[in-house]
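Bear in mind these aren't lab numbers, they're just calculated from the coordinates by the rules spelled out. Just so it is clear, the structure is predicted and the values come from calculations on it, not from any experiment. Positions of Cβ are generated from backbone atoms using ideal geometry, with glycine treated the same way; all protein chains shown enter the neighbour counts.
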Amino acid sequence: MLGKFITLEGGEGAGKSTNLAFMAHYLRDQGVEVVTTREPGGTELGEQIRAILLDSRHQNMTPECELLLVFAARAQHIAQTIKPALAAGKWVISDRFTDASYAYQGAAREMGFERVAQIEHWLQQGFAPHYTFVLDLPIELGMQRVAQRAGQSDRFEQQQHAFFQRVRQAYLRRANAHPARYKVIDASASLAQVQADLRQGLDRLLT
């Protein structure tokens, strides 16, 4: 039996890493074999591409270069990590997937959804997540959370408010257009409430 592919999306500071770990733990408690992964990344090659994309020294990277690097990492991720796990009956939870390309490159970098869709169709040939959780919160709160983290902010975290506003609106636009595949969760709520909402969504997938 094929597994399920679940993605977790949202802007900076939305709590994806914390909640991805929660989701994996909850599913394992239900007897599900789970693989957790992330984008960009998910493979040795993908992690090397991730390091380039997040490196704050590359401020002159063009939007086109950024988009192609993201999809290059995704191609390896799908072939090497995601599809083999699904074929083995495992569930895969990924911190970001193609929705992030629509939000960050299509909307925030103002390349347009059509350009992203062209590459998605060529690469993925209809392959998409079974379900996507979008952790949504006000930009100001997200950036406050990012500022509280230890270490230097990466190339994306250094962008301006308008950039992240376009990211947020793109996620909400896609979720509103395809409500059967998306669940938007208020990430400004307490962690207990966020995880209760996630658990409710996972329970529907388990039935």
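Here is the figure for the range 1-42: residues that are surrounded by fewer than 17 Cβ atoms within 10 Å (Cβ to Cβ) and farther than 25 Å from residue 207 by Cβ total 2. Among the residues making up the range 123-153, those that are in a loop (DSSP other than H, G, I, E, B) and closer than 24 Å to residue 61 by Cα are 151, 152, 153. Checking each residue in the range 154-207 for being of a type in the set (D, E, K, R), out of contact with any strand residue (DSSP E or B) (no Cβ under 9 Å at 6 or more places or on another chain) and in a loop (DSSP other than H, G, I, E, B) picks out 154, 155, 157. Only one entry of 169, 124, 160, 195 meets the criterion of being within 19 Å of the chain's Cα centre (by Cα) and over 30 Å from residue 3 (Cα atoms), and that entry is 169. Could you list all residues from the range 54-94 that are crowded, with 20+ Cβ neighbours inside 10 Å, touching a Lys or Arg at 6+ places or on another chain (Cβ under 7 Å) and not in a helix (DSSP H, G or I)? Listed by number, the residues that qualify are 91, 94. Annotation: residue 104 fulfils all but one of (1) farther than 25 Å from residue 26 by Cα; (2) outside any loop (DSSP other than H, G, I, E, B); (3) touching an Asp or Glu at 6+ places or on another chain (Cβ under 7 Å); the unmet one is (3). Inspect all residues belonging to the range 5-16 and state whether any of them is of a type in the set (A, V, I, L, M), in a loop (DSSP other than H, G, I, E, B) and either within 16 Å of the chain's Cα centre (by Cα) or within 25 Å of residue 187 (Cβ to Cβ) (or both). Scanning the range 5-16, I find at least one residue that is of a type in the set (A, V, I, L, M), in a loop (DSSP other than H, G, I, E, B) and either within 16 Å of the chain's Cα centre (by Cα) or within 25 Å of residue 187 (Cβ to Cβ) (or both), so the answer is yes.
To keep it simple, each residue is scored yes or no on (1) more than 21 Å from residue 171 (Cα to Cα); (2) touching a strand residue (DSSP E or B) at 6+ places or on another chain (Cβ under 9 Å); (3) not aliphatic (A, V, I, L, M).
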site: 19; (1), (2), (3): no, yes, yes
site: 24; (1), (2), (3): yes, yes, no
site: 27; (1), (2), (3): yes, yes, no
site: 44; (1), (2), (3): yes, no, yes
site: 48; (1), (2), (3): yes, no, yes
site: 59; (1), (2), (3): yes, no, yes
site: 66; (1), (2), (3): no, no, yes
site: 74; (1), (2), (3): no, no, yes
